[in-house]
1. Being touching a Phe, Trp or Tyr at 6+ places or on another chain (Cβ under 9 Å) and among the basic types (Lys, Arg) is the filter here; which residues of the stretch 268-298 pass it?
2. I'm trying to understand the selection: among the residues of the stretch 336-359, which are among the aliphatic types (A, V, I, L, M) and modelled with pLDDT of 95 or more?
3. Name the residue, out of Val309, Val319, that is farther than 27 Å from Ala391 by Cβ and either more than 50 Å from the chain's Cα centre (by Cα) or part of a helix (DSSP H, G or I) (or both).
4. Could you tell me which of the residues Val446, Val409, Val424 is within 8 Å of the ligand (Cβ to nearest atom), in a strand (DSSP E or B) and either of a type outside the set (Ser, Thr, Tyr) or modelled with pLDDT under 95 (or both)?
5. Write out, first by first residue and then by second, each pair whose Cβ atoms fall under 9 Å of each other, whose residues are 6+ apart or on separate chains, and whose first residue, in the stretch 235-262, is within 30 Å of Gln273 (Cα to Cα) and surrounded by 14 or more Cβ atoms within 10 Å (Cβ to Cβ) while the second is among the hydroxyl-bearing types (Ser, Thr, Tyr) and at pLDDT below 80.
6. If you take the residues in the stretch 460-480 that are within 13 Å of Asp426 (Cβ to Cβ) and more than 9 Å from the ligand (Cβ to nearest atom), which one is farthest from the chain's Cα centre (by Cα)?
7. Answer yes or no: is there a residue in the stretch 386-403 that is of a type outside the set (A, V, I, L, M), in contact with a Lys or Arg (Cβ under 7 Å, 6 or more places away or on another chain) and surrounded by 13 or more Cβ atoms within 10 Å (Cβ to Cβ).
Amino acid sequence: MSPNIYLQNGELVIILIKGEKHAMKKKKSYFLSLRWILLATYVAIGIVPLLLIASTILHSVQDYFIEERKKDLLSQANVISGQITSYDYMANKDNRDSLEETMLEMSQRHDFRVLVLDSSCLVMYDTGYSDVGKTVLIPEVIEALENKDIARVQEDGMVYAAVSIYGRNNTRVGVVLVSDDLTDISNTVSNIAKKGNLLLAGLAIIVIIMMVIMSQIFTEPIKKMIKVIQKMSEGHFEQRVQMQSQIHNEVVDLALACNQMADQLEKVESTRQQFVSNVSHELKTPLSSIKVLSESILLQEDVPKEMYVEFLHDINSEVDRMAAIINDLLTLVKLDQKEIPLNFRETELGDVVEGIIKRLLPLAQVKDIQVNYVKEKDVTAMVDEMKLTLAVANLVDNAIKYTPKNGKVEVNLDGDHQNAFISVSDTGIGIPDDEVGRIFERFYRVDKTRDRETGGTGLGLSITHSTIMMHNGSIKVHSKEEEGTTILVRIPIRQNS
Ligand code: ADP
């Protein structure tokens, strides 16, 4: 939420834009939530094809039964037609009864109706009796007389099989028409459909329950993550997504990544708070000294001139100390913000190291410290000369600062075809094992009281570390208390930009 600030006649008016969060919430449609989309997708993929397959199978079964019935009726009609021909039923009236009995018996056994028609489509015999003497002009009969035997389902739901009857001289003399309704097939198919529907409903219920559970499994961690992220955006960095699921998938990975991000944010936040409190503390100490010193002069009467000078001298060195802290802080902030991009140039590192030693030699001479410089070979590397000089100078400065009188400091320059190596060793006080890992932290000092004497700010090694990291290099420390310290810096000779 960003406040809009207006100045009206010198008055500060701050208008907070509220309700962005609510606006966000309003837009969210329940049925467009990931959970419902997943559910709808599962239903579309899982149930719709199931219904389509079931209906296709049902139609195929029905078609199969009908085709079988057509074939059956045709073959029965053929049998009857053959018998009519052999009995000479159409011409010989005396010989009809026994065949009619056979036809009646067949029709009752198979539950179909048989009609015998002559060539003018007049019904000569009907197992249903009712149509004898009538003319039947249905397309199947006409086709059978003219062309070929046929079986067909009519719109009234009846199957008609018509087979022509041949006379003695091989001419078509009539038609046998066998008809049957399809109620039994419809009943069978609807029975199958009922059972299938029950099965489908059961399956659908199981599928839907599984889908609800699955979508729950997938969306639950996401919902938790949203809550956690919302809480974090309000500044509660201690929030974590609780994962009970044993299943490992991308959503779980996302939740774990979210937790890692929260860890990192919490760390950054605590470092930031620590840093701010360190800065305040570091600046407060010299400020308090200045206050005490200045007050003691102000409150005393007839202060001798020597005391003035001494106190002002102390005040001056406290001011120097504050200036040093602020300078180092500014350098660090700039490095952090990458405000000034590194100005990489081919640089002869031997010259850089030599320059640093020359500049710091007077400090070493004050303490009778012997400084050796060993250049194993000429090393040229792509570096930002100014920043690298500052980084290495911090190391040499520390080596001199933390080495007692008459000690030794050695700076070594070496390189291979990929890297340059600069090491700074001293015979100084060393660093305790459990503190070696912390010396690159901002404001970290091993012995705070002694450091005030040496004038250290606790920021030098942080600056060195950031600079070496920006050069894509590395920095290692070997140290033994009371024996000395060696810091080894590696910098790639070429930088891939
Ligand atoms: P400072 O400005 O206090 O020197 P640095 O960041 O440069 O801060 O160093 C952090 C701390 O690491 C120092 O206060 C000191 O205790 C320790 N240290 C650094 N270099 C050495 C060294 N060569 N020998 C012993 N201790 C060292």
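The values are calculated or read from the model by the stated rules, or taken from the named source; none is laboratory data. Since the structure is predicted, the reported quantities are computational estimates derived from the model, not experimental observations. Backbone-built Cβ (ideal geometry, glycine too); neighbour counts: all protein chains shown.
1. The answer is none; no residue qualifies.
2. Leu349, Val352, Val353, Ile356, Ile357, listed by residue number.
3. Exactly one of Val309, Val319 is farther than 27 Å from Ala391 by Cβ and either more than 50 Å from the chain's Cα centre (by Cα) or part of a helix (DSSP H, G or I) (or both), namely Val309.
4. Residue meeting the stated conditions: Val424.
5. Qualifying pairs under 9 Å: Ala255/Ser245.
6. Only one residue tops the list, namely Lys480.
7. no
Per-residue answers, yes or no, for (1) more than 21 Å from Val366 (Cβ to Cβ); (2) in a strand (DSSP E or B):
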position	(1), (2)
Ile400	no, no
Ala420	yes, yes
Ile431	yes, no
Phe440	yes, no
Gly458	yes, no
